[in-house]
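Structure first, then comments.
The values are calculated or read from the model by the stated rules, or taken from the named source; none is laboratory data. Being a predicted model, the structure only gives us computed values, none of them experimental. So basically every Cβ, Gly included, is an ideal-geometry build from the backbone, and we count neighbours across all protein chains shown.
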Amino acid sequence: MSVRSTWRGVVRSPLGITALVLVSLVALTALFAPAIWGAQAERVDPTAITQGPSAAHLLGTDTLGRDVLARVLVATQLSVALAVAAVIIGVVVGALLGTAPSVLPRWAGRPITTLVNIAVAFPGLLLALFFAVIFGVGTTGSVLAIGLALAPGFARLTQTLSAAIAGRDFIAASRVVGASRLRILFRHILPNIGEPLIVNATVAAGSTLLAFAGLSFLGLGVQVPAYDWGRLLGEGLNRIYLNPAAALGPATAVVVAGLAFNLLGETAAAALGGRSARPQRRPRTTDSPASPLAQVGGDDVVLLVDDLRVSLPTPSGWVTPVRGVGFTISRGEAIGVVGESGSGKSLTALAAAKLIEAPGVVTARQLEFCGTPLLTTPDRALRGLLGTSLAMVFQDPMTSFNPTRRIGSQLAEAASEHQAISRRDAAVRAVDRLRAVRVPAAERRAHQYPHEFSGGMRQRAMIAMGLMNHPRLIIADEPTTALDVTVQRQVLQLLAAVRRDTDAAILLISHDIAVVAQTCDRVLVMYAGRIVEDLPAAELHTAARHPYTRALLDVIPDLDTDRTTALKTIPGRPPAPSAFPPGCAFADRCPLASAVCRERDPELVSDDRGRRVACWHPVTGDGPAAALPVITTALPVTDQEGAVR
């Protein structure tokens, strides 16, 4: 996100506008107050000593008869200037300390890291008092003291941000070409961490104002004849019983200025993170023609999805990456969803599992699980249904398990939360489920932590967690990602066995169309947030009619592929969710596209055999779709007698 878009996000929110108004007011006062009220602030009036508030002196006068309000306004310049100077020192010194380990040799960088870690453990005010004693009493000493007290926090922040950037591929590429550490630091690392440092510096300015006021109040900061808000606050407290307004004025100034900087920093941080303090309008849902899925139902239907739309807010407005998806899954049926990255496969599955939280918006004509509408039923009523009848297998099981808890206890929690069984019985069931998914030494493995499992074993444990209850639908989102071929085959065989033994339906999401074709009964091909083709898996390589489906089949290499020729690819790339074209989203990559394809989006139409396709120029007959290769990552699902299902 650019600096311009970040601050545009600040201006958009009411809180950001308030912060900008307050900061602007403080800045204007600092610039023009000495010229406007400077003479009044220095005018000594022996006849008006220590007076209370009046029409001539709204906050009263001090011991020399000078106007307190004028002095508070004039003190804005010095107070803000000292705070900004200290923040600059803190950011610069902190950035140098934070990036030193990246530039210096390890033997020199390690002591600096240790020193920063020790300094961060001390409170900032304690460090400021320590440095104030070293640098001495006065304005210069207080600026250095507070600036160096801020440095450890910015050094730790710089270390964290630099570590996140240092692992990126472009840093490795710079090292490969021989760039020096200093060049990498100033050209690649610092530009990428500049915005977070600026945002945190804005927040720190507010606390720095308070720190300066504290030092001056204690007599360690600004000295006579100069004065800032802290010194005025100390003078006002000495006669608080005679004139409370003399102390209230500088105290209010410190609070308002500190609040302005803090609000500005917090709002900028929200804009930098892509959040907006102003609630965005929800996207309008367009009425679409009645779908034939609306009439599909019955006891065998596990999941009914009709005209599903998922909308997500972005800094530039709402986008709808899933638009008008509809399908059904019956008991014991396996449906595969394929498509390139960004086609909406995972978002569709998450919406069906009620895992898309605010501010995301899910709408549908019908979205029912086991006959229960998911969008209108209260979450408390859905909790038991989804917890017992829906299982989710994510593509990265390492992040799906709590690394601080044993596998067995996490599996047992899934049963004890939704079933009236004791903790002991739940633990026994956890071992039994691990044994059912063919985890060797299940009793011993149940007492191990996730990091002690291999990738394939963790995926098996995820499936076992789904089986702790009695799932009617298993959603497997890329369950074989990052697994070797042998483990992929085992996981897919395990899902097939679970389907056969429990009669559960399976929604398998994958990039590999060959795996889906040989594992599932039906294939849904998604592109740009829509289903573009729906057909039986057995007819995929002979009856696919959408050009995109045929392109996916055509790029699959097989054992007969000539190794001397380049692998086939689909030219172009899918459109971004924020830039879907008015017509067919695949038109720019389709060799059969015509003018109508770029003007109108085709509807998903069914034929007399129940196959659906959304294309203005569907391929008819046995077209040139590539034959599926024989792969070893999946086997056809068979029943107990060995017949293919």
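Observations, loosely collected:
- Considering residues of region 22-73 that are in contact with a Gly (Cβ under 7 Å, 6 or more places away or on another chain) and small (G, A, S) only, the residue nearest to N262 (Cα to Cα): G60
- Listed by first and then second residue, the pairs with beta-carbon distance under 8 Å, at least 6 apart or on different chains, first residue in region 186-205 and in the same structural domain as A95 (by TED's automatic domain parsing) and free of Cβ contacts under 8 Å to residues at least 40 places away in the same chain, second surrounded by 15 or more Cβ atoms within 10 Å (Cβ to Cβ) and not in a helix (DSSP H, G or I), are R187/A179.
- Condition check for G65: at pLDDT 85 or above, more than 23 Å from L215 (Cα to Cα) and not in a helix (DSSP H, G or I): yes
- Hits in region 473-504 - residues which are crowded, with 23+ Cβ neighbours inside 10 Å and not in a helix (DSSP H, G or I): L473, I474, I475, A476, P479, T480, A504
- Some residue of region 598-614 being at pLDDT 75 or above, more than 17 Å from V525 (Cβ to Cβ) and surrounded by 13 or more Cβ atoms within 10 Å (Cβ to Cβ): yes
- Taken together, the residues in region 11-47 that are modelled with pLDDT under 85 and not hydroxyl-bearing (S, T, Y) amount to 8.
- Selection from region 555-583 of residues that are in a helix (DSSP H, G or I) and in contact with a Ser or Thr (Cβ under 8 Å, 6 or more places away or on another chain): P577, S578
A quick yes/no check of all residues on (1) acidic (D, E); (2) modelled with pLDDT under 80; (3) under 22 Å from L355 (Cβ atoms):
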position: G455; (1), (2), (3): no, yes, no
position: Q459; (1), (2), (3): no, no, yes
position: G466; (1), (2), (3): no, yes, yes
position: P471; (1), (2), (3): no, no, yes
position: T486; (1), (2), (3): no, yes, no
position: L495; (1), (2), (3): no, no, yes
position: R500; (1), (2), (3): no, no, no
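- Odd one out for R445 among (1) under 27 Å from G384 (Cβ atoms); (2) surrounded by 20 or more Cβ atoms within 10 Å (Cβ to Cβ); (3) without any contact (Cβ under 8 Å) to a residue 40 or more places away in the chain: (1)
- Here G178, G141, G153 are screened, and the one residue that is on the phi > 0 side of the Ramachandran plot, among the small types (G, A, S) and either part of a loop (DSSP other than H, G, I, E, B) or at pLDDT 80 or above (or both) is G178.
- The residue that is surrounded by the most Cβ atoms within 10 Å (Cβ to Cβ), among those in region 397-442 that are basic (K, R) and without any contact (Cβ under 8 Å) to a residue 24 or more places away in the chain, is R435.
- T76 vs. criteria surrounded by fewer than 21 Cβ atoms within 10 Å (Cβ to Cβ), among the β-branched types (V, I, T), assigned to a helix (DSSP H, G or I) and at negative phi: no
- The residue that is surrounded by the most Cβ atoms within 10 Å (Cβ to Cβ), counting only those in region 541-559 that are farther than 14 Å from G339 by Cβ and touching a strand residue (DSSP E or B) at 6+ places or on another chain (Cβ under 7 Å), is R545.
- Residues of region 194-226 satisfying the condition of being among the aromatic types (F, W, Y) and surrounded by fewer than 24 Cβ atoms within 10 Å (Cβ to Cβ): F217
- Residue that is modelled with the highest pLDDT, among those in region 286-332 that are over 20 Å from G344 (Cα atoms) and of a type in the set (D, E, K, R): R331
- Residues that are in a loop (DSSP other than H, G, I, E, B) and among the aliphatic types (A, V, I, L, M) were ranked within region 183-232; the one that is farthest from T63 (Cα to Cα) is L220.
- Count - residues of region 44-62 that are in a loop (DSSP other than H, G, I, E, B) and either of a type outside the set (A, V, I, L, M) or in contact with a Phe, Trp or Tyr (Cβ under 6 Å, 6 or more places away or on another chain) (or both): 9
- Matching residues, region 81-97, being more than 35 Å from the chain's Cα centre (by Cα) and crowded, with 19+ Cβ neighbours inside 10 Å: L82
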